[in-house]
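Read-outs throughout are calculated quantities, based only on the coordinates presented, and are distinct from any laboratory measurement. It should be emphasised that the depicted structure is a prediction, and the values quoted were computed from it without experimental measurement. Please note: Cβ atoms are built from the backbone with ideal geometry, for glycine as well, and neighbour counts cover all protein chains shown.
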Amino acid sequence: MWFCLVLMMVVMAGCRPKFDHSDKKIFHYNESSGIQSLDPAYSSGQATLWPCNQLYNGLVDLDDSLNIVPSIAKSWTLSADGMTYTFFLRDDVTFHNTKEYPFDKPRKVTAQDFVYSFSRILDPEVASPGAWIFQKVRRDAAGNPCFKALDDTTFQIQLSEAFPPFLGILTMKYCSVVPKEVVEHYGKDFRKHPVGTGPFQFQLWQEGVKLVLRKNPDYFECDEQGNRLPYIDAVAISFIVDKQSVFMEFMKGTLDFMSGVEACYKDALLTKDGNLNPEYKGKIQMLTGPYLNTEYLGFMLKPGDKSNPLLDKRVRQAINYGFDRVKMMKYLRNNVGYPGTAGFVPRGMPPFDPARTGGYDYNPRKAAQLLAEAGYPNGKGLPPISVAVSASYADLVQYIQHELADLGIELKLDVVQGAQQREMMRNYQLPFFRGSWICDYPDAENYLALFYSKNLQPVGSNYTHYVNPSFDKLYEASQRCTDEVKRNDYYTRMDAMLMADAPVVVLYYDKVVRFTRANISGLGTNPVNMLDLRRVRILDEKQ
């Protein structure tokens, strides 16, 4: 295999991107999906989030343990009724002074900039996909959102009702501050002429070829020793589409970083147990940690056809017990991820508590018993069950198909394109489907809201059409609770209720997997898989 890889490297050497290897400390990574915009109003999806995280700041941020920490806001208060947030801003934060849009003098960020930036997210003409994040913000008599600049360094937000996860929502990149004069100067072209306050500022973008961000010399954050961040001089992003080619560039050292594990190089880099191949010790570093992403199969429970066996909870529970998640993760994903044997809320989120939520391990005897109780002994009389899945997850469902066949449960794979599947899910046209939920903000409400009855389509994301008044009661109580410990207790109880009712089959909780060259330090991981380059260092000698 390695002879073939070497041959491919030689063949492709003439067409690979040229990278700058001067004495400047430049961090190189690739984005195979491409980048559509550098405007934070459109920062949806990892490909856009990562560069936007280098370019922009908001009021608050997340640390690697999901704690909400100050950013441009040095402190804040919350009113007793949980509806008014008041933020006190730093007075030393300035927007980037770029060659494309040079300011006459340092342009400080003020509270009015946040009024403009947040109001812009709600502007129908902007059509930001993040407009939903401010649905709880109160509107005044004229219909304007209640974002207020009390003075240059005091910014206030009023909500229409208490919503404890709101502070976490403000850590999203949609909530970045932008300068009104620059946005209005460029209009829609602000997407490729970004100006923010972040650790790096825009230098060059040849779309589909290379994006270069250089160090912001006036960045406001310092390390514990008083050294101004960031440490490196620039970030260079390439856009190689072929994943095998990306792997080869990383192995040659022209890329410093690679995220995730693709099938084309999974077995070369990893052992079956999910550890780094010993061959690369001292050459490559592997960083792993929980990723707030739950992969699952969802049952559509909308009342209708009474002959639908999936409306019987015992059949859903039998499917949950009927396959070995541990074996599935080992042989199909090299243990990149954690078997989904607990609740829907993933590993890495504070309410995750397998002892209290319960869940499903591999128990074919229990599965057979449940099938018999439902009137389908050994699967007799049970009609074939169709499950909608995209091609990239077909191998997992094929594995489950094979395991369930031993119980007499016949699964049929319906392979559909991702966009088509999502549309059919929204219209409740899929009785059984593969889904995933990646954390939008660091609160378990983001996961449990998928099962709240008032979030049925078309207003929300309750794709399973799960309706349970007891669950709704706990959900509503949790949203009135400002005590984090008590709120997490509500969440755990709700998750346990979901496991008992089985509207989903939790497959696995994802894992952040990062590979860096040995001379890279300070990168780390975090449960939202955000790329933070503020403290990254590049050593002089590559190992």
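Remark: spin-label model distance ASP472-LYS283 equals 6.0 nm, labels positioned 7 Å along the Cα→Cβ axis. Charge tally around ALA131: other residues with Cβ under 11 Å, Lys/Arg +1 each, Asp/Glu -1 each, net 0. Here the Karplus curve 6.51 cos²θ - 1.76 cosθ + 1.60, taken at θ = phi - 60°, turns the phi angles of segment 301-317 into couplings of 9, 4, x, x, 5, 5, 7, 5, x, 6, 6, 8, 4, 5, 5, 5, 5 Hz, with x standing for Gly and Pro.
Note on the chain: helix-only mean residue ellipticity at 222 nm, from DSSP H runs of 4+ residues weighted -39500 (n - 2.57) and normalised by residue number, equals -7500 deg cm²/dmol. Only aspartates and glutamates eight or more places from LYS105 in sequence, or on another chain, were considered; those with a Cα closer than 13 Å are ASP218. Simple point charges give the picture: +1 on the Cβ of Lys and Arg, -1 on the Cβ of Asp and Glu, and for the chain a dipole about the Cα centre of about 780 debye.
Computed from Cα positions, the angle between helix 111-122 and the longest principal axis of the chain comes to roughly 40 degrees. Annotation: Cα Rg of segment 28-241 relative to the compact-globule expectation 2.2 N^0.38 Å equals 1.01. Among the listed pairs LYS313/LYS412; LYS281/LYS511; LYS215/LYS283; LYS252/LYS327; LYS148/LYS215; LYS180/LYS210, a Cα-Cα separation exceeding 23 Å is found for LYS215/LYS283; LYS252/LYS327; LYS148/LYS215; LYS180/LYS210. Rounded to whole numbers, the Karplus 3J(HN,Hα) couplings from phi for segment 233-244 are 8, 6, 10, 10, 10, 9, 9, 6, 7, 6, 5, 5 Hz, using 6.51 cos²θ - 1.76 cosθ + 1.60 with θ = phi - 60°, and x at Gly and Pro.
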